[in-house]
Every structure is written in C-alpha cells, then in structure tokens.
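Written out below as structure tokens is the structure these notes cover.
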Amino acid sequence: QVQLVESGGGLVQPGGSLRLSCAASGIIVSRYTMGWYRQAPGQQRELVAQITLGYSTTYEDSVKGRFTISRDNAKNTVYLQMISLKPEDTAVYYCTARDWTEQYWGRGTQVTVSS
C-alpha cells in the first residue's frame, strides 16, 4: 500500500519560511517523479515543483527563486523548502509520486501566510 504523508505546514507571516516534508512508504521515491501541488480555495490544483529520477527540477513561475524541492533517498522523503512566503502562497500543499502508469497523492498539508 502506497502512502505519502505530508507534514510541516502551518501559519507563517509574510516573508517567513517553511519546510514541507513528504514521507513515502510502499514506493521508492528515487524511482518516481516526485512533485508538490497546491490548491487554494476556489482555485484549480497547480503544480508547484517537481524532481525527476535524474534530479532535474522544475518550478511554477511564481515560486522560482523562493521554493526548492529536494529528495533524500536514504529517508525516502521529499522536501519543499519555501522562503519569502507571500499571502498568495496560501493553499493546501499535496505531495505526489508519478511514473509512466500511476500517480499517487498525499492528503495534503495546509500552508497559511498571513500577518
């Protein structure tokens, strides 16, 4: 059974930082393209960042230079380091694992950026 468990969300002031974690079980993260999506109220879910098997990374334009995705194979965990957070980053953040045939999702973690 595949499980992706996100943690690290919370309430942070504008300009602050958070690090999200995605602990995987049932899969080996180094064999999947791992990603972080987010969904704000009333908005569609959007891809924020992803990291491929070969460590190639891509980012949504609004988070470039502020967010960094990384992978720790020994811990079978993926991270999203977020700095210089803005109110518009407020959303539920979801971890995902994708290969050629399947895509798995976590349940999400809430990130709220507000003063």
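Some observations on this one:
- Taking all Cα pairs closer than 8 Å and separated by 6 or more residues, the relative contact order of the chain comes to 36 percent.
- Most positive-pole-ward Cα, Val12, Asn73, Ile27, against dipole of the chain from beta carbon charges: Asn73
- Restricting the calculation to Cα atoms, every distinct pair contributes to the Kirkwood radius of the chain, found to be 14.0 Å.
- Size of electric dipole in segment 1-93: Cβ of Lys, Arg +1 and of Asp, Glu -1, about Cα centre, debye, nearest 20: 180
- Carbon plus sulfur fraction of accessible area for segment 60-102, probe 1.4 Å, in percent: 51
- Within the chain, the longest run free of trypsin sites (Lys or Arg not before Pro) that sit in a DSSP loop with at most 15 other Cβ atoms within 10 Å is 1-44.
- Total charge dipole magnitude, segment 26-72, about the Cα centre, Cβ charges on Lys, Arg, Asp, Glu only, Debye to nearest 20: 60
- Projecting label points 7 angstrom from Cα along Cα→Cβ for Trp100 and Ala40 puts them 3.8 nm apart.
- Averaging the Cα positions of each part gives two centres, and for segment 56-115 and segment 8-46 these lie 3 Å apart.
The values are calculated or read from the model by the stated rules, or taken from the named source; none is laboratory data. Predicted model, so just to flag it, every value in this text is computed and none were measured. Heads up, the Cβs are rebuilt from the backbone with ideal geometry, glycines too, and the neighbour counts pull from every protein chain shown. We work out accessible area using only protein heavy atoms, side chains counted, and drop any ligands, DNA or RNA first. Shrake-Rupley method; radii C 1.70, N 1.55, O 1.52, S 1.80 Å.
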